[in-house]
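So the structure is just underneath, and the comments pick up after that.
The values are calculated or read from the model by the stated rules, or taken from the named source; none is laboratory data. Keep in mind the model is a prediction, meaning the values are calculated, not measured. Note that we place each Cβ from the backbone using ideal geometry, even for glycine, and neighbour counts take in every protein chain shown. Remember, those area values only see protein heavy atoms, side chains included, never the ligands or the DNA or RNA. Shrake-Rupley method; radii C 1.70, N 1.55, O 1.52, S 1.80 Å.
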Amino acid sequence: MADDRTSEMQGILRKQRAAHNQMRPEPMALRKDRIERAMRLLKEHSEDLCKVMNADFGNRSPHQSMITDIAGTVNFGKYCLKHMDKWAKHEKRSVQFPLGLLGAKAELRYEPKGVVGILSPWNFPVNLTFGPLMQVFAAGNRAMIKPSEFTEKTSLMMKELVEEYFTPDECAVFTGGPEVAAAFSELPFDHLVFTGSTATGRKVMEAASKNLVPVTLELGGKSPVFLGESADFAKAGERIALGKMMNAGQICLAPDYLYVPESKQDEAIHGVWQGTANMYPKLRENEDYASIVTDRHFERLQEMVADARDKGAEVIEVNPGNEDFSNTNARKMPLTILKGVTEDMKAMQEEIFGPVLPVKTYGHIDEAIDYVNENDRPLGLYYFGSDSDEREKVLSRTISGGVTVNDVIFHVSMEDLPFGGVGPSGMGSYHGVEGFREFSHARSIYTQPKIDVAKLGGFKPPYGATTEKAVKSMMK
Ligand code: NAD
């Protein structure tokens, strides 16, 4: 069975590569047409896609899905269409003196790589599949996609729609569980983009290494929020609540934990409490608030809270409507703030990926900086405050994939900024011109002039005085 799937995928890869070789360099008009078709697919089936995402999650607001998965991705397609001619321009580069005078030329061309594999997760199943696809197409590639098995209905619909809008040698979707995913990651692609957890990212990179397939890894991690003394705690609380509660915290960039001044802890917690209560006075039947994706994910979060409680954390449930969550199978979980956390708690060891928010305190901001530096490099880092020296200190002394100042998550929505992690939170990036380059091969082309440059430069035997003079001048 698994072998059948593998040979099916190998067959499509061969077909796509053959078609690509025939069409190289894949005309700009065709690349644009593919992006337009992907945009049309999303526009014409936005409601159906929101419906199946809702069904896959148990509850997920169609409004939220429209913003995060459909409109955001269509907009990104528009951004690619607008900029791709400029991105694809050949760049003239300089040649060392005096080669330019002699007629030498250096040029850089961004060329398609060929067939790109896209492995996507469940949390934004459409966005994290079609988002990379837009730039994979912009760069003149073809694509094979393996979406997540946790959002099964959405994955199946994406497969059916891709089959309707694209030929299999342009784009193809393969559904299935971890076994299919593992076989997919072993295919000899020209590039592989993986979005998912750090643990699976490791396996993907190992599988890709067998064929030396270059990878872009969009992973996760614990993204900290620094609240400076100068922060407006009410406003910060509101913004943190929005970022943490969207998709019920199931966002790679969700604020994972807060780092607050000791003396401001209660004010900070109150800010988040109030911000949450303002947006979600009730949660259980509230369609705006997403469910946790599966029972397994729900249990993991419950265990994380129980573990923190057992080890001495104070657990504050943000439940403004005083609702009973115990006898429901809707997998709705209120925001749960953990006060007094210690490093032995699961909540401080793994990425949270749900509505649980540990709060750590510092006496001096340097303690928070040191803590972040001692742990895995995060995907996002957030600073709230109006003290520009402190902000610069936090930014220049830490490292993370990206940063939002005075809010959370927003940097990912800037189409012109590259999005990606660093170290355990990922490698490579897309969005911006960087995404186009990520899925292109930067090919250097040097054109030699008529004159015998090697002889003129003294590089051609028999070596002698000209050689010595050239070496001397280079060593000066
Ligand atoms: P996951 O790692 O469990 O799964 C992602 C994909 O990998 C799925 O398609 C799955 O089928 C596939 N997969 C599973 N086992 C595999 C294997 N052995 N080899 C190859 N592929 C395999 O991640 P998830 O639970 O779907 O998503 C949550 C994680 O994704 C979180 O850690 C989150 O931070 C991260 N994430 C990162 C970004 C980003 O852009 N950086 C965005 C969203 C989510």
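What net charge do the residues around Ala465 carry, taking every other residue with its C-beta under 14 Å from that of Ala465, with Lys and Arg at +1 and Asp and Glu at -1?
Taking every other residue near Ala465 into account, the sum is +3.
In cubic angstrom, how much convex hull volume per residue do the alpha carbon atoms of the chain span?
For the chain, the hull spanned by Cα atoms encloses 187 Å³ per residue.
Just name one of Leu108, Leu42, Thr167: the one whose Cα is farthest towards the positive end of the charge dipole of segment 34-167 (beta-carbon charges, Lys/Arg +1, Asp/Glu -1).
Most positive-ward Cα: Leu108.
Treat every Asp and Glu Cβ in the chain as -1 and every Lys and Arg Cβ as +1, leave all other atoms uncharged, and give the resulting dipole magnitude about the Cα centre to the nearest 20 debye.
Charge dipole of the chain: 2800 debye, to the nearest 20.
For the chain, what is the relative contact order in percent, using Cα pairs closer than 8 Å and at least 6 residues apart in sequence?
Relative CO of the chain lands at 18 percent.
Which entries in the list Lys264/Lys360; Lys15/Lys146; Lys264/Lys311 go over 21 Å, if you measure between the two C-alpha atoms of each?
Values: Lys264/Lys360 11 Å; Lys15/Lys146 17 Å; Lys264/Lys311 23 Å.
From Lys264/Lys360; Lys15/Lys146; Lys264/Lys311, over 21 Å: Lys264/Lys311.
Does anyone have the angle between helix 2-23 and the longest principal axis of the chain? Alpha-carbon axes, 0 to 90°, nearest 10?
So the helix axis and the longest Cα principal axis differ by about 50 degrees.
Could you give the length gained by full extension between Asn21 and Phe410, i.e. 0.36 nm per residue of separation minus their alpha carbon distance, to one decimal place?
My answer for the length gained is 136.1 nm.
If packing is taken as the average number of other Cβ atoms within 10 Å across a peptide's residues, how do 224-235, 395-406, 347-358 rank, most packed first?
347-358, 224-235, 395-406
With axes computed from alpha carbons, what is the tilt in degrees of helix 465-475 against the longest principal axis of the chain, rounded to the nearest 10 within 0 to 90?
So the helix axis and the longest Cα principal axis differ by about 20 degrees.
Taking the solvent-accessible surface of protein heavy atoms with a 1.4 Å probe, what is the per residue accessible area of segment 129-235 in Å²?
34
Work out the FRET efficiency for Lys476 and Arg397 from their Cβ-Cβ distance, taking R0 = 56 Å, and round it to the nearest 0.05.
E between Lys476 and Arg397, to the nearest 0.05, is 0.90.
Nearest 10 degrees is fine. How inclined is helix 233-245 to the longest principal axis of the chain, computing both from alpha carbons?
In the chain, helix 233-245 runs at an angle near 70 degrees to the longest axis.
Order 81-88, 241-248, 22-29 from most to least packed using the mean count of other Cβ atoms within 10 Å. Can you show the working numbers first?
Details: 81-88: 15.1, 241-248: 24.4, 22-29: 12.8.
Descending packing order for the listed peptides: 241-248, 81-88, 22-29.
Among the listed pairs Lys113/Lys450; Lys32/Lys203; Lys43/Lys222; Lys105/Lys472, which are separated by more than 30 Å between their Cα atoms?
Lys113/Lys450; Lys32/Lys203; Lys43/Lys222
Determine the distance separating the Cα centre of segment 284-312 from the Cα centre of segment 219-277; give it in Å without decimals.
Rounded to whole Å, the Cα centres lie 18 Å apart.
Relative contact order of segment 224-417: what whole-number percent is it, with Cα pairs under 8 angstrom and at least 6 residues apart?
Averaging sequence separation for qualifying contacts and normalising by length gives 30 percent for segment 224-417.
Please give the FRET efficiency for Glu47 paired with Gln96, using the beta carbon to beta carbon distance and R0 = 41 Å, rounded to the nearest 0.05. Could the numbers behind the result be given before it?
Details: r = 59 Å, r/R0 = 1.44.
My answer for the efficiency is 0.10.
Once label points are set 7 Å from the Cα along Cα→Cβ at both Ala71 and Lys86, what is their separation, rounded to one decimal in nm?
With each label placed 7 Å out from Cα toward Cβ, I get 2.5 nm.
Could you work out the helix-only [θ] at 222 nm for the chain, with each DSSP H run of four or more residues adding -39,500 (n - 2.57) and the total divided by the number of residues, to the nearest 500 deg cm²/dmol?
-13500 deg cm²/dmol
Express the relative contact order of segment 73-138 as a whole percentage, based on alpha carbon pairs under 8 Å and six or more residues apart in sequence. Walk me through the numbers before you get to the answer.
Working: 45 pairs, mean separation 25.7, N = 66.
Relative contact order comes out at 39 percent.
Cβ under 14 Å from Ile451's Cβ, Ile451 left aside: what net charge do those residues give with Lys, Arg +1 and Asp, Glu -1?
My count for the surroundings of Ile451 gives +3.
When Lys and Arg each count +1 and Asp and Glu each count -1, what net charge do the other residues less than 15 Å away from Trp87, Cβ to Cβ, add up to?
+2
Ignoring ligands, DNA and RNA, what percent of the accessible area of the chain is carbon or sulfur (1.4 Å)?
The nonpolar share, carbon plus sulfur, comes to 53 percent.
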